[in-house]
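Derivation of every value follows stated rules applied to the coordinates shown; laboratory data play no part. Note that the structure is predicted; figures quoted are calculated from it, not measured. Positions of Cβ are generated from backbone atoms using ideal geometry, with glycine treated the same way; all protein chains shown enter the neighbour counts.
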Amino acid sequence: MPVSDETLERAKASDAVLLGAVGDPEFDRNPGHLRPEKGLLALRHSLGAFANLRPVAALPALLSASTLKEEVLKGVDILIIRELTGGAYFGEKEEGEERASDLSVYTREEVERVARVAFEAAEGRRGRVTSVDKANVMATSRLWRSVVDDVAGEYPGVALDHVLVDAAAMFLIRDPRRFDVLLTENLFGDILSDEAAMLPGSMGMLPSASLGLPGTPGIFEPVHGSAPDIAGRGVANPYATILSCAMMFRHSLGRPDVAGAIERGVSVSLEAGFRTADLGGSHTTEDVTRAVSRWAAAGEGVA
Ligand code: IPM
Ligand code: MN
């Protein structure tokens, strides 16, 4: 079993779960239920963590680290909200040598609750939700679209538009500033968030928070995988994990002051040029971590 019942029970009894990246080629030949990813999916599901928040900002210090042009990136600030416990990831599966299927199911309630998270987030940001679906082809997307329209009625101060997922993939690199909150289902959100990871320059910069109903523990993890190709060399980019800790302090531990200090530590450290190899630098994981902790501790308001 990739995750034991005991671990799941302990996670449920916690205030928050901080998760390291999972995955290893050693398990590539395993059947679906014996892969490490299954453990992560079981954790998300058993904690009811249905709303996955993936903020994507193009930090000034990293504009040159991206493969995209600076004028496209400047000012990008997107919050991707990915539905995390429904759709094809969790539908009934059939896996044979000749035939396989992944059923994708969404209920009104599942769409409603994640849509509310998106509209509420937009109220505290630039007031725009872009809902991404494939309503020209998929029945789940047509339900998604009509429920999101209904929920939008409760938030008159927030502007809503709908974009098909293929077009959204294009807009994300052509004109990423058009997005404020991007709301989407599980599988589309998985794909679009990797694409969006190219805006800040590296996958190694993206944190995430997966939240359920109030009072349940959130899960905090970097968006990236385990990078087995560089394992053991001390060169992995720790920024995404550190920023995930900041999200943990903000969303689950009631310490926005600590979150702010960590985020300032990250900005100062990037401005001072602390970069791992994926960002075009030569600092080690430890160099970056020490730099961030030093500047975070120097920030205001930290007990
Ligand atoms: C992610 C990851 C996971 C997902 C994998 C590891 C199961 O790619 O968090 O984006 O597909 O959700
Ligand atoms: Mn992914």
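Here the scattering of the chain is modelled by Debye summation over its C-alpha atoms, one equal scatterer each and no solvent; at q = 0.07, 0.11 Å⁻¹ the log10 of I(q)/I(0) is -0.27, -0.69. Sparse packing (at most 16 other Cβ atoms within 10 Å of the Cβ) combined with a DSSP loop state is found for the following trypsin sites (Lys or Arg not before Pro) in the range 190-268: R233. Name the most mobile residue of S293, S193, S269, meaning the one with the largest mean-square fluctuation, in a Gaussian network model of the chain with Cα contacts below 10 Å. Greatest mean-square fluctuation among the candidates belongs to S293. Overall, the range 198-284 carries a charge dipole of about 100 debye about its Cα centre when +1 sits on the Cβ of Lys and Arg and -1 on the Cβ of Asp and Glu, all other atoms neutral. Identify which of F27, F119, F50 has the largest mean-square fluctuation in a Gaussian network model of the chain, with springs joining Cα atoms closer than 10 Å. Residue with maximal mean-square fluctuation among F27, F119, F50: F27. By the count of neighbouring beta-carbon atoms within 10 Å, fewest first, T289, T130, T107 end up ordered T107, T289, T130. Of all aspartates and glutamates in the structure, the ones whose alpha carbon falls short of 14 Å from that of K38, not counting any fewer than 8 places away in one chain, are D5, D24, D28. In plain terms, the chain is cut at each of the GluC sites (Glu not before Pro) found in a DSSP loop with at most 14 other Cβ atoms within 10 Å, and the longest leftover piece is 155-299. Among the trypsin sites (Lys or Arg not before Pro) within the range 1-75, those in coil by DSSP and having at most 16 neighbouring Cβ atoms inside 10 Å are R29, K69, K74. Taking each DSSP H run with n ≥ 4 as -39500 (n - 2.57) and averaging over every residue of the chain yields -12000 deg cm²/dmol at 222 nm. Considering all different alpha carbon pairs of the range 12-64, the Kirkwood hydrodynamic radius works out to 14.1 Å.
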